[in-house]
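Report on the following structure.
The values are calculated or read from the model by the stated rules, or taken from the named source; none is laboratory data. Just so you know, these numbers come straight off a predicted model, no measurement behind them. As a convention, Cβ positions derive from the backbone with ideal geometry for all residues, glycine included, and neighbour counts pool all protein chains shown.
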Ligand SMILES: [Zn+2]
């Protein structure tokens, strides 16, 4: 298994897992050394191999040893190598993502639930806010992400990287981690393998100044206000007025960021 695939498989489980299940993977030790995986004590329970009851037995500490109780076999001690647990180191993952995408506005932090903010990448044409959410497979995952991101500052695009699942959330773009980055072990960390603008479906800026998805609407709004003498002198005041007009005219649509509107106001005023 590739390092990124192994990391995603463990991160997707969202809890500690038995190290013994992965110890034979060649990159397992390297992921631990690099800190993408971390030791997490012992697993909570294991299937009992001692009887026919097919029960899941809780791991307990008894008489100075780790083991579990079975109705037939009594206390069964187990070797540490069987029950040692690891989990994905999420703070390390989000910090490494912020590095890989060279987020200028870095603010890696967990938000509510399992949603983490990685940071923001800003270019002339748009800004892209990046988030990590381990799983995007169920309606519950999608609802959690929507609720958390609704409280985030506005950006042109919101990109959610997931370890597993590509359930799309309205107004955002979900991409599997392995489509966005490669993982090189021996301390090398994540390497970006995709252009963020491609991932979110943003229009590329070309020499003719390709408009982004708001370009045409904003340009005509700004021009209208200028020719009718309604435009405010202040760039900020004008951007605010244009933005409220945009929201009024496009009620169902996700509005552009204030900074993007301000950029358009500047460009049109200076005749660029
Ligand atoms: Zn048993």
Exercise. Starting from residues that are touching a helix residue (DSSP H, G or I) at 6+ places or on another chain (Cβ under 6 Å) and in a loop (DSSP other than H, G, I, E, B), keep the ones in the stretch 22-62 and report whichever is nearest to the ligand (Cβ to nearest atom).
Key: 59
Self-check item: Number of the condition not met by residue 191 [criteria: (1) part of a strand (DSSP E or B); (2) at pLDDT below 90; (3) surrounded by 19 or more Cβ atoms within 10 Å (Cβ to Cβ)]
Solution: (3)
Quiz item: Restricted to the stretch 63-81, and to residues that are surrounded by 13 or more Cβ atoms within 10 Å (Cβ to Cβ) and within 12 Å of the ligand (Cβ to nearest atom), which residue is modelled with the lowest pLDDT?
Solution: 73
Practice problem: Scan (1) surrounded by 14 or more Cβ atoms within 10 Å (Cβ to Cβ); (2) within 15 Å of the chain's Cα centre (by Cα) for the single condition residue 232 breaks and write down its number. | Solution: (2)
Exercise. Determine whether the stretch 107-130 contains at least one residue that is part of a helix (DSSP H, G or I) and away from the ligand (no atom under 16 Å from the Cβ).
Key: no
Self-check item: Residues of the stretch 6-20 that turn out to be touching a helix residue (DSSP H, G or I) at 6+ places or on another chain (Cβ under 9 Å) and in a helix (DSSP H, G or I), as a count
Solution: 7
